[in-house]
Amino acid sequence: MKSSWKLWYATAKNLLRIAMRLYYRRVKVAGLEHVPEQAAVIFVSNHQNAFIDALNVAAWCRHIRQPQFMTRADIFKPPFDRVLRGLKMLPIYRQRDGLDEVKKNAASFEEVMEELSTPNGTTLIFPEGNHNRRRQLRPLQKGAARLAFQVAEKHAFQRPIYIVPVGLNYERHLKAHADLLVQYGEAIPVLEFEGLYRQHPNRAYVEVTRRMEAGMRRTLIHISDEAHFDTIDSLRERYGRRWQRQAGLPADQAGLLAAGQQLVARLEALPADDPAWEAAHAREQEYRSLLEACGLRDHVVAGAPVRPGQALAGLAAGLLGLPVFLLGLLLNYPVYHLSAWAPGRYFKDDHFHSSVSFVVGYFGYPLYWPLQALVFWAAWSGWAALLSLVLAPLTGRLALSYAVGVKKWRGRLRYARMLRRRDPQALRLQALYAEQDAWMQAVTEESLASGKPAAAPMR
């Protein structure tokens with residue numbers, strides 16, 4: 001049977017990996033051993049960050065796999081439609097597009113069936129049906145299960161097909177220079193449900209969807225306590241790394257995910273009417289409100305107040321790094337400015353902002369850097385052009401790190417000045433943080449001493 005592997009896709013995928021290494025601070029891919037070889041696979045992923053979610057699944061699966069995925073039909077306009085189809089994107093029409101347009105989905109589903117009938121055929125589906133940044137898995141639709149059984153039935157249940165859960169875990173959904181963990185979960189062998197499917201198809205859809213939900217939850221952070229949702233998420237973010245160290249979990253993003261899962265499970269297990277838990281919840285609400293009022297970030301309060309000697313050392317480091325920052329800004333500014341400006345200008349839904357920013361950079365920098373090199377060649381020499389090509393991506397990444405570092409340092413200095421002036425809000429922040437820290441330390445020690453971690457780390 002003809003393979004669906006495409007050289008154009010493979011080239012774009014390799015370039016995509018390079019671009020993402022520059023866009024994110026760190027990328028960790030875990031659980032690839034769960035993805036079967038020489039079999040059709042349907043990836044089912046959480047959907048928190050618009051179409052960059054699809055790019056991350058496509059980029060970080062094995063090279064032999066080239067996931068096909070469905071995309072909103074309204075972006076399939078000339079001349080981009082041919083490029084999108086070359087990347088194995090298929091248009092999907094929604095009810096709002098009109099009944100006549102929705103009927104066109106049949107052709108897209110036929111292409112999906114054809115893809116999954118090829119060796120290593122791969123399709124990506126977001127079974128939640130929409131995107132949302134909340135660290136929570138929303139109810140799943142049964143479309144992925146239904147599609148898997150249709151493919152299996154087409155081949156008389158003689159060709160293996162698997163559903164593989166994927167968890168995309170963004171440290172910061174809307175920011176570059178943050179961490180990304182792509183966690184693959186254990187594959188679900190669809191052929192094992194043949195008997196149930198032949199007797200009760202709908203029960204088979206429900207059972208496989210239930211298995212999908214359980215598998216996906218093990219690959220991501222899922223907070224189900226709506227009453228304390230923001231408090232739990234805030235405490236997970238602040239104390240996850242401490243839990244990770246004290247629990248002896250791996251010192252990487254996969255270990256941090258396991259720590260976060262355990263911490264969330266521990267907090268959700270607390271009785272809702274526990275006075276200590278309710279006090280912690282009230283403290284956290286007041287703490288987050290004060291942070292916003294003071295224009296500070298949590299990491300600023302978490303760090304020790306800056307001493308004069310540290311302030312001078314920070315100033316010296318800032319001055320030393322300034323030339324590199326200015327060079328990086330000079331060599332990259334037009335595309336950087338466009339990637340920062342365009343998302344807010346053209347997309348009201350901020351879920352699209354990081355996706356658009358990344359795509360602008362992905363296409364913009366490879367076009368801009370050679371043109372800039374030609375200018376240097378014409379104005380000075382070939383060596384100047386070559387040097388600009390080498391320095392532009394390197395200093396651009398360093399400039400971004402420098403800007404993030406300076407912003408954090410300014411926040412710490414501002415907080416230190418507020419404490420020296422005995423600002424009431426800063427003093428209250430400090431007191432709230434100390435109280436919450438002591439309570440969380442007690443919760444952590446008690447939980448880990450019991451020897452019963454709330455969630456097992458993914459392997």
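Based on this model, can you work out whether residue 5 counts as more than 20 Å from the chain's Cα centre (by Cα) and touching a residue at least 24 places away in the same chain (Cβ under 8 Å)? Yes, satisfied. In the set (1) in contact with a Phe, Trp or Tyr (Cβ under 8 Å, 6 or more places away or on another chain); (2) under 21 Å from residue 211 (Cα atoms), the condition left unmet by residue 177 is number (2). Residue 212 fulfils the conditions (1) open to solvent by 40 Å² or more (accessible area, probe 1.4 Å); (2) touching a residue at least 24 places away in the same chain (Cβ under 8 Å); (3) within 20 Å of residue 45 (Cβ to Cβ) except for a single criterion, (1). Where helices (runs of 4 or more DSSP H) sit wholly within the range 54-154, those with at least 1 residues that are open to solvent by less than 60 Å² (accessible area, probe 1.4 Å), more than 20 Å from residue 6 (Cβ to Cβ) and at pLDDT below 90 occupy 99-102, 105-115, 143-154.
Which residue pairs have Cβ atoms under 9 Å apart, sit 6 or more places apart or on different chains, and have a first residue in the range 343-366 that is in a loop (DSSP other than H, G, I, E, B) and a second that is of a type in the set (S, T, N, Q) and crowded, with 17+ Cβ neighbours inside 10 Å? Sorted first by the residue in the range 343-366, then by its partner, the pairs are 347/355. Annotation: of all residues in the range 243-279 being closer than 15 Å to residue 445 by Cα and in contact with a Ser or Thr (Cβ under 7 Å, 6 or more places away or on another chain), the one that is least open to solvent (accessible area, probe 1.4 Å) is 243.
Yes or no: residue 331 in contact with a Gly (Cβ under 7 Å, 6 or more places away or on another chain), modelled with pLDDT of 90 or more and assigned to a helix (DSSP H, G or I)?
Taking the combined requirement at face value, the residue satisfies it.
Screening residue 240 on (1) buried (at least 16 other Cβ atoms within 10 Å of the Cβ); (2) part of a loop (DSSP other than H, G, I, E, B); (3) not basic (Lys, Arg) shows it passes everything except condition (2).
Just one of the listed residues (399, 403, 384, 373) is over 22 Å from residue 19 (Cβ atoms), surrounded by 13 or more Cβ atoms within 10 Å (Cβ to Cβ) and aliphatic (A, V, I, L, M), namely 384.
Got a sec? Which helices (runs of 4 or more DSSP H) wholly within the range 252-325 have at least 3 residues that are under 26 Å from the mean Cα position of the chain (by Cα) and at pLDDT 95 or above?
Output list reads 253-268, 275-294.
Closer than 27 Å to residue 242 by Cα, without any contact (Cβ under 8 Å) to a residue 40 or more places away in the chain and assigned to a helix (DSSP H, G or I) - does that describe any residue in the range 383-397? Within the range 383-397, none of the residues are closer than 27 Å to residue 242 by Cα, without any contact (Cβ under 8 Å) to a residue 40 or more places away in the chain and assigned to a helix (DSSP H, G or I). Of the residues 162, 170, the single one that is within 13 Å of residue 40 (Cβ to Cβ) and either at pLDDT 95 or above or crowded, with 21+ Cβ neighbours inside 10 Å (or both) is 162.
The values are calculated or read from the model by the stated rules, or taken from the named source; none is laboratory data. All values reported here derive from a predicted model rather than from experimental measurement. Quick reminder, even Gly has a Cβ in these numbers, built from the backbone with ideal geometry, and neighbours come from all protein chains shown. Accessible surface is based on the protein model in full, side chains and every heavy atom, while ligands, DNA and RNA are left aside. Shrake-Rupley method; radii C 1.70, N 1.55, O 1.52, S 1.80 Å.
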